1. Which residues, taken from segment 324-372, are over 20 Å from A69 (Cα atoms) and assigned to a strand (DSSP E or B)?
2. Among the residues of segment 191-225, write down those that are in contact with a strand residue (DSSP E or B) (Cβ under 7 Å, 6 or more places away or on another chain), buried (at least 17 other Cβ atoms within 10 Å of the Cβ) and assigned to a helix (DSSP H, G or I).
3. Condition first: surrounded by 23 or more Cβ atoms within 10 Å (Cβ to Cβ) and among the charged types (D, E, K, R). Now tell me which residues in segment 240-298 satisfy that.
4. Of all residues in segment 322-352, which are closer than 26 Å to E236 by Cβ and either small (G, A, S) or not assigned by TED's automatic domain parsing to the domain that holds G283 (or both)?
5. Only one of these conditions is not met by F16: (1) buried (at least 23 other Cβ atoms within 10 Å of the Cβ); (2) aromatic (F, W, Y); (3) over 16 Å from the mean Cα position of the chain (by Cα). Which number is it?
6. So, F208, is that one aromatic (F, W, Y), more than 16 Å from L136 (Cα to Cα) and within 21 Å of the chain's Cα centre (by Cα) or not?
7. Would you check which residues across segment 139-165 are crowded, with 20+ Cβ neighbours inside 10 Å and more than 19 Å from the chain's Cα centre (by Cα) and list them?
8. In segment 292-323, how many residues are of a type in the set (S, T, Y) and not in a loop (DSSP other than H, G, I, E, B)?
Amino acid sequence: MTSERSKIRFIMIGGFLGAGKTTAIGRLARHYQDQGLTVGVVTNDQASDLVDTNLLRSQGLHVGEVAGACFCCNFNELTSTVENLSAQQRPDIVLAEPVGSCTDLVATVVQPLIRLYDAEFEVAPYGVILKPSHGLRILRKEANMGFSPKAAYIFEKQLEEADFLIINRIDELSPAEVEELERLLQTAAPQTPVLRVSARTGDGFESFTEMLGQRGAFGQKILELDYDVYAEGEAELGWLNSSLLAKSSDSFALDDLLVGIVEAIRERLELVQAETAHLKTIGLSEGAYSVVNMVSSDTPPVLSLPSQCSTKEANVVVNARVAVDPDHLREVLEEVVAEVARKMQLTIEFQQTQNFRPGRPVPTHRFATPEG
């Protein structure tokens, strides 16, 4: 029997696509490492070639990846991935990042861990990060929410099941916007604590870690969920993960390559009025890495991690989650990459591209009533 002292602390941070989960998890990992704790990270996606995995590994973190389905539908892979992390060096803390289009995680991940793996895991309060750009539109019930009501349903259900909510990107918001978001959240989830945080700068992070350190009857909010609406909402998003190799006889600026790709994709998607949930890319070259993000159609691409690197060869991974046909999304990517390559005089080798719509969620376990 595993002793209480040796249990792994399992921390799952949810939130919609583009909410800032990966940035938050990277900062949390450094916080716990500074305390002398061993940290493992588990990322999750409907397909392989994740920007998040590459980014977190580039930061020196010990990362396992659950690919091919969400945590709820691939629960056994989640637990075996943690076991593989433990085989190398048993972590004190596991930070888990679920797919941003998933909900019902309390019933299908938290409760199964509490009931079936109580000897191995101590589960922390479940925090969900609010994405301000789409959050304001959806919570205001605006006519143009960016997504259909079915996709917005997923967003709202994510907030409903959280033990606490995090307004992220406060460094990018005005005080009035932060106040409005908090009022809207208190209306949507009146009994749920709300924190204000910037995962990028670290503002508000002390309250975040204090909340995650609490013990008690958390992970109890079992949703009443219409799986037909949930499945249809997810299926409205086109999913694309692609990896490629960029080469040139002369040095090129890695940051310029990524910004060029994302900006050109944004322009093409704007022509067909396709709402972007999240578009992100990472470039890796000889220890240097660059990351560009775009979190909605009405926000510009952001060079969130500049490399200031000139190189003759780089590996690039592109992840796109857009409300558009996935075949069109692939065509846009291939055309854009060819166009940018011509301008920068690069040779491009596509290594792998997966494009699809997510299938219906079928959880491995689902507990309809809570147990502490």
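1. Matches in segment 324-372: T347, I348, E349, F350, Q351.
2. Once the filter is applied, which keeps residues that are in contact with a strand residue (DSSP E or B) (Cβ under 7 Å, 6 or more places away or on another chain), buried (at least 17 other Cβ atoms within 10 Å of the Cβ) and assigned to a helix (DSSP H, G or I), segment 191-225 yields F208, M211, L212.
3. Once the filter is applied, which keeps residues that are surrounded by 23 or more Cβ atoms within 10 Å (Cβ to Cβ) and among the charged types (D, E, K, R), segment 240-298 yields only K280.
4. Residue satisfying the conditions is A323 alone.
5. (3)
6. For F208, the condition - aromatic (F, W, Y), more than 16 Å from L136 (Cα to Cα) and within 21 Å of the chain's Cα centre (by Cα) - is met.
7. L139
8. Qualifying residue count for the region: 3.
The values are calculated or read from the model by the stated rules, or taken from the named source; none is laboratory data. These numbers come from a predicted model, not from an experiment. No Cβ is skipped: glycine too gets one built from the backbone with ideal geometry, and neighbour counts run over all protein chains shown.
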